[in-house]
Every structure is written in C-alpha cells, then in structure tokens.
1. Going through the stretch 134-223, which trypsin sites (Lys or Arg not before Pro) have at most 14 other Cβ atoms within 10 Å and a DSSP loop state?
2. For ALA299 and GLU22, what does the FRET efficiency come to when R0 = 22 Å and r is the distance between their Cβ atoms, rounded to the nearest 0.05?
3. Which of THR57, LEU176, ASN102 sits farthest toward the positive end of the charge dipole of the chain, with +1 on the Cβ of Lys and Arg and -1 on the Cβ of Asp and Glu?
4. Please report, as a whole percent, how much of the solvent-accessible surface of the chain comes from carbon and sulfur atoms (probe radius 1.4 Å).
5. Per residue of the stretch 300-309, in order, report the coupling 6.51 cos²θ - 1.76 cosθ + 1.60 (Karplus, θ = phi - 60°) as ³J(HN,Hα) in whole Hz, putting x for Gly and Pro.
6. So what is the calculated 222 nm ellipticity per residue for the chain, using -39500 (n - 2.57) for each DSSP H run with n of 4 or more, over all residues, to the nearest 500 deg cm²/dmol?
7. For ILE2, ILE47, give me the order by solvent-accessible area with a 1.4 Å probe, most accessible first, ignoring ligands, DNA and RNA.
8. Could you compute how much accessible surface LEU177 exposes when probed at 1.4 Å, giving the result in Å² to the nearest 10?
Amino acid sequence: MIDTLKRADLLSMRQFGRVELEVFFDRVAMVARRSREESLRSLDGRILVSAFYQNSTRTRLSHESAMLRLGGRVAGFADPASTRAGDHFQESLGDIATMLSNYGDVIVLRHPQTGAAESFAAHANVPVINAGDGWGEHPTQALTDLYTVREHCGRLDGTTWILSGDLRMRTMRSVLLGLRHYGCTVLLAHPDDMSPDPALIEEVRASGCTVERISSIAEGLPRADAVYMEPVVQPDYGVGRHLAEADKPSTPAAYRVDRAMLEAEARPELLVLHSLPRLDELSLDVDATAHNGYWREAANAVHIRMALLEEILGG
Ligand code: CP
C-alpha cells in the first residue's frame with residue numbers, strides 16, 4: 001500500500017514520487033490479473049459519489065465501473081444543472097462538498113475551474129479524487145498514460161515522448177509531472193499560443209529530463225517511443241468544446257497523425273496515446289494499427305481506478 005494515499009485526496013501528480021509510481025503500477029498490474037470474483041469482494045458496501053460539473057465520457061464512467069467491479073456502489077450527478085448548483089441558488093462548491101461527504105466514502109470531482117478540486121477537498125471530510133479541474137490537473141489520466149507506456153515498453157526510464165497539441169491542457173501538466181521521475185526525453189510540438197507552463201518545463205528539465213521543442217510531430221517520430229496527442233482546435237477548455245461543426249477549423253498538418261506517416265517514419269513499437277475525445281488530429285486509420293495505444297488506455301483506465309480506490313479506501 002502507498003501510505004500517502006490511504007484515506008487521502010488525490011489532487012495532483014505531485015503526490016507521487018518515483019517509488020510511489022512504481023509501487024502503484026505494480027499494484028495496477030496485479031489488479032488486472034485478479035479474477036473478477038476476487039475483485040468483487042474488495043470494496044463491498046463502499047460508495048463512490050461522482051460529482052461532474054463538466055462533461056465526461058471516460059473519466060466518470062471508468063471510475064464508476066471501477067467501483068462496481070470492486071463490489072461497491074455509485075451515486076452522483078453528471079450535470080450540475082440537475083442540482084441546486086444549477087438553479088437560482090447556485091449552491092456553493094463548499095456546501096456541496098460538505099453534503100456529499102455524508103453520502104459516500106469517496107468523491108470523484110470534475111469541475112471547469114482550476115483549483116476547484118483543492119477547494120472542494122478542503123470542505124469534504126471523505127477523500128476526493130480530482131477528475132480534472134479546469135486547466136489544472138488530471139492525475140488519473142496521467143497515471144493511465146504512464147502505465148500504458150510502461151506496460152508496452154517494459155519501462156518508463158529513458159523513454160522518448162512527443163507531446164503534441166495544446167500543451168496548456170491539464171492532461172499535459174499532469175503527465176509532465178509524472179515524466180519528471182524517469183529521465184525521459186520530451187519533444188514538444190505545439191502552436192506558439194499553446195505552450196506549456198514555462199515554470200513546469202524548467203522543473204522537468206531540472207529533474208534530469210531533456211526537453212526540446214520540435215516543429216512537427218513528424219520531426220520527432222523516428223526517435224519516439226510514444227506520441228501523446230491533444231487537439232489544438234479548442235476554444236476554451238474551461239467551458240468545453242462548444243464550437244459549432246461548421247466553425248471548427250482543421251488541425252494544421254504539424255499536429256496530425258495518420259497511418260501513412262506512422263508507416264513511413266515511426267519505429268514499429270511506437271505507441272500513440274490520446275486522452276480523447278479526438279478531432280481531426282488523430283486519423284481513424286490509426287485505429288487498426290499496432291500503434292494504437294488509446295484503446296489500450298481505455299482498458300487500463302479501469303484497472304488504474306480500481307487500484308486507486310483500493311489504495312485510498314483500503315481494499
Ligand atoms: N480522458 C478524459 O478525460 O476523457 P473524458 O473527458 O471523456 O472524461
């Protein structure tokens with residue numbers, strides 16, 4: 001068990017050092033091997049509350065699936081408009097955290113405001129898992145990304161990653177915080193106005209990683225173990241992707257991946273990751289290739305959350 005996670009919130013990848021990550025990933029592998037029957041006895045009677053103030057396909061349902069697979073139960077909301085936060089009262093985050101603490105043993109929160117998970121956790125008296133807070137962090141996604149590459153390559157140490165798209169996104173912040181521990185080479189492919197936080201990049205360099213900017217994904221492909229993609233076509237991550245179809249500009253070629261370029265430039269073992277949903281930056285023709293790591297992430301995501309719930313709740 002990881003002492004720092006027991007009965008604790010998971011708000012940031014900063015809570016994981018290298019030792020904690022390695023122990024956790026071994027634990028995830030064990031959960032993945034365990035029989036369905038054995039898992040079902042793990043958190044029997046425990047309740048997960050999901051509080052999603054922002055849309056989600058994967059993060060909410062994989063947490064809920066994980067709890068159900070551990071024998072627990074789930075309650076919650078997927079749309080704040082159905083709660084008193086969404087009506088005349090605009091019920092505060094703090095009051096809702098206080099209330100929900102009585103309804104379950106752990107709360108999974110997604111919110112459009114950066115820092116909301118920390119504020120919520122300050123009022124809750126059960127553990128809170130940050131399922132994405134504005135431009136802040138998305139630690140359970142980063143754990144899934146790192147685990148998937150570790151499983152595929154057999155290691156994270158010294159691996160070379162291309163991070164592409166809007167590198168201000170919470171997924172990118174969290175994965176960079178994880179990569180700090182593995183002496184990686186990180187190649188950044190992004191438009192000028194979508195640079196990662198410079199202080200974070202300095203921190204990643206100071207940890208022993210090599211960080212370079214590249215002009216396109218293609219430039220880095222021949223030496224990469226993984227390409228982790230995010231869209232660049234995104235007006236404001238704080239409110240979601242509401243551009244009408246007709247208004248969506250297409251992604252510049254520098255930030256796109258398709259099967260032909262992978263066949264021409266990539267090493268056979270290269271894995272493509274994407275937190276999803278995708279737009280036109282990731283071609284559908286990559287799905288049927290051995291480079292497809294994003295469907296593998298969907299399976300791993302449930303095991304990650306099962307292991308995390310057990311660490312927090314003591315399964
Ligand atoms: N990966 C991810 O965060 O997806 P959702 O927005 O669908 O939860």
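The values are calculated or read from the model by the stated rules, or taken from the named source; none is laboratory data. Not measured: the values here are computed from a predicted model. Neighbour counts run over all protein chains shown; Cβ positions are idealised from the backbone, glycine included. These area figures cover heavy atoms from the full protein model, side chains too; ligands, DNA and RNA do not enter into them. Shrake-Rupley method; radii C 1.70, N 1.55, O 1.52, S 1.80 Å.
1. Qualifying residues, ordered by number: ARG155.
2. 0.60
3. ASN102
4. Summing carbon and sulfur atoms, their accessible area is 50 percent of the total for the chain.
5. Once θ is set to phi - 60°, the couplings for the stretch 300-309 become 4, 4, 6, 5, 4, 6, 5, 4, 5, 5 Hz.
6. That calculation yields -11000 deg cm²/dmol at 222 nm.
7. ILE47, ILE2
8. Here the residue's solvent-accessible area equals roughly 0 Å².
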